[in-house]
Every structure is written in structure tokens, then in C-alpha cells.
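The structure under discussion appears below in the form of C-alpha cells.
A short reminder: the numbers here are calculations on the coordinates, not readings from a lab. Predicted, not measured: the structure shown is a model, and the values here were computed from it. Positions of Cβ are backbone-derived with ideal geometry, glycine not excepted, and every protein chain shown enters the neighbour counts.
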Amino acid sequence: MPPLQLQGGDDYEAIARAVQPVPRHRSHDPANNQKRTDPFQFGQRYLEEGDDVFEFNAWDHVETDAEYREYAELQYSKQKESPVREDARENYNNNPSKFWNKFYKHNTSNFFKNRKWLQQEFPILAEVTQPDAGPKTILEVGAGAGNSAFPILANNKNEQLKLHACDYSKKAVEVMRKSEKYDERYMQADVWDASADGEGSLPPGLGPESVDVVLMVFIFSALSPKEWSRTVRNIYRVLKPGGHVLFRDYGKGDLAQVRFKSGRWMADNFYVRGDGTRVYFFELDELTHIWGKWSPEKGIPEIIESSKNEDGTTSPPDLPDDAGFKILDLAVDRRLIVNRQRKLKMYRCWMQGRFQKKEIGSEPSGTSDSEAQAVEVPN
Ligand SMILES: C[S@@+](CC[C@H](N)C(=O)[O-])C[C@H]1O[C@@H](n2cnc3c(N)ncnc32)[C@H](O)[C@@H]1O
């Protein structure tokens, strides 16, 4: 295939159309490709040389091709050249929940996806919902309309489970409370700002070290980088020692990032959508840094460009002994979604991880805002 001649102003769809499929061959081999029914089930279909990329709707763990990466870089520099207007930026950052309230007011029909992948990807969710699991508390942060909370409850067999589903959008909490699936015996939905300081830094009805599992699905990306440290601190405070954080969010290079047009860029990898909601796209090193280096005393240390080895690879970062969390696993989940009819290739990229609060120490002493300043990223 001849290399694509890309211009900064090219439309992604035009690019995707220009990418020719390779001849059909291996994708017919059933041993290589199982039919996918759920877009979130990992690791079942791999694209290899000789496969017809347009044979199936989705492929797992596909690295982006050079043309896409080049196109993405061009898009990033174009986005940065025409950032969001200064006055509008303040509006988006000063009261972000206002925009999420509007979102939940207008998008009432797209809720309640059945996230079957949750328990498969995060087996601890299956464990705490077993009949004999005993008293267990799950906190879902930024729970939205309950897309994760309700499927968890639907599978729950533990009479002693309590799921606290919190969101700082009043409208989202209203949607959860009004749902016919909302069962007060097992669920409590509350307004809570995960990045709050002072008295509001713990969710309603939950004390320090009271939660077994914290679930964060596409919430961390909705925060401004200045809010990361406070949020990690609040989660650390509310978790029991040994408690787990289950994390899934957007990765850098995801189609949603590459697609942003002018007037949406707020900082590197940080954008505001057309509806005023904010979104950040993470890199693996960055998340390793945030969750692996955060400590109760120092917050998130300043990010220093990771040094490359001679062969161009990077070594795993040294994680400090005083870090609050242990990274159990953290990985990039890439998927190539294909529109077979229109011959479009769309690269999706998500980050997924599990972090565990270390058993040492208990309450962080530093609950001041000073640690939130440690990461210097424009808001
Ligand atoms: C992309 S949505 C994801 C919702 C839900 N987790 C899901 O996967 O369907 C992000 C959610 O995070 C919430 N959110 C953003 N910042 C928050 C904060 N500081 N505290 C609590 N919730 C927040 C928003 O209101 C929104 O519901």
C-alpha cells in the first residue's frame, strides 16, 4: 500500500477510507478468530499479517499504523494552535458539574448499557457479590446514570453488600434514584465531588477506611489535572488498607481525541467537548506515575520526562516505598473498530488497571490542598 499523503486538515474519515484492506486470508481461520458479541471482552481476536481487516467489526490489541500516528500528531498540533477561548475555559473549569447536569438532562435514552465485561475484567466484583462474601462496601466514583452500578447489583447475591454510587452531578444522582432498579437495601446514590477538600472530602455516609472496592470508570478523565491529587487522596482515605481501586479510562490516541477540532484544546491531552464536559486522555507512564507514586505525605511528585534507554525503550519507573498504592496491573487496551460497509478503520484506546491501598499506615496526615499543586499542568 503506498503511504498516505496526510495534511493537517484532513478529515479522519477520509483517511480511514483511503487505507486499503489487506487481502482476505487468515481471518477465515476460526482458530484465529472467535466471533465477538461484546465489544468489551478482551483478547479474543488478534489481527495478524494477512488478515482481512474488514472481515470483522473489531480486533483486539491492534497497534495503530504509522499513517494514523502521523495523522494524530498533526491533529494534536492543529488542536493546540487553536485552543479554547480564555473566557470560555474559566466557565468550563469553574463549574464543571453544571455541564454534566445538562448532559444527564438531555441524554436520557442512552443509559443502562449492560456492562457484562465488568466482572470478567475485575474478578473482585464477582467475589464481593458472592452469597457468603460477608459485609462488603463498594464505592463507585462518578457513577453517572448507574451504567456500572446497576449491572453489579443485578449480579449481586450478597445480602450484606452496600454499593455507594456517587456523582457530583445532581441530575445523574436523580436518574439513579428514580430508576426502578434502585434498591435502597443494597444501593445508596449521593452527590459527591471526588476532588473535594475539607469536610466534603469523604462521600456521604462513609467514614475513613470503610470501603473494600472503589470503582472508577471514565471518571478520572473528567477531572482537570489539578484535581488528580486531591481525588487520589480522597480515595485513599475512604479505602480500607488492602482495598482495591478498579480503573478504566481513555488512552492517548483514542479516536475521540484525534477527532477534536479547533477551539476544544485546553492543555496537552485535555479537551472540552461540544457539550462543555471535559475529557483527558492518559498515557501509561502518566497513570503509573499518578497511582504508583502518590503518597499521603507528598501527593503526586512532579512529572519528569521519563528517560529513555539506549535502545529507545523505557524502564519501569522506581515506585517509592512511601507510595500509598500498589499497582496490581495497568495496561493499554487497544481495539480496532471497523465499519465494514464504509471501509473505515477506527482506533480506540483505553487504559485499565487495578490499584491496591498498601497495608502500611492508616490515615494520610496531609489533607491540605498543597499536594494538589505538585503536578503543574495548565487548567
Ligand atoms: C464520562 S462520565 C462516566 C459515567 C459513568 N462512570 C459511566 O461509565 O457511565 C463521567 C462522570 O463523572 C462525573 N464526574 C466528573 N467529575 C467528578 C467529580 N469531581 N466528582 C464526582 N463525579 C464527577 C460526571 O458527572 C459524569 O457522570
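Taking amide H as placed 1.01 Å from N in the peptide plane, the amide H of Asp333 sits under 5 Å from that of Trp350, Met351, Gln352, each at least 5 places away or on another chain. Between Asp285 and Glu297, full extension at 0.36 nm per residue minus the direct alpha carbon distance yields a gain of 2.2 nm. Between Lys78 and Ala154, the contour length at 0.36 nm per residue exceeds the alpha carbon distance by 22.8 nm. A viscosity of 0.692 mPa s and a temperature of 37 °C, combined with the Kirkwood radius over Cα pairs in Stokes-Einstein, give a translational diffusion coefficient for the stretch 205-247 of 303 µm²/s. Quick one: Debye curve from the C-alpha atoms of the stretch 123-203, no solvent, what's log10 I(q)/I(0) at q = 0.11, 0.20, 0.23, 0.26 Å⁻¹? At q = 0.11, 0.20, 0.23, 0.26 Å⁻¹ the computed log10 ratios are -0.28, -0.84, -1.03, -1.19. Could you tell me the center-to-center distance, by alpha carbons, between the stretch 116-145 and the stretch 213-267 in angstrom? Between the Cα centres of the stretch 116-145 and the stretch 213-267 lies a distance of 19 Å. For the stretch 130-175, the gyration tensor built on C-alpha atoms gives a prolate shape. Its axis ratio a/c (a ≥ b ≥ c) is at least 1.5, and a/b is the larger of a/b and b/c. The simple Förster model, with R0 at 41 Å and r as the Cβ-Cβ distance, assigns Glu209 and Lys98 a FRET efficiency of 0.80. Counting every other Cβ atom within 10 Å of each residue's Cβ, Met176, Met346, Met351 order from fewest to most as Met346, Met351, Met176. For Ile300, Ile152, Ile327, the sequence from fewest to most other C-beta atoms within 10 Å is Ile327, Ile300, Ile152.
Summarising the label geometry, the points placed 7 Å from Cα in the beta-carbon direction at Ile337 and Gln120 lie 1.7 nm from one another. With neighbour counts taken as other beta-carbon atoms within 10 Å, the residues Arg335, Arg185, Arg89 rank, fewest first, as Arg185, Arg89, Arg335.
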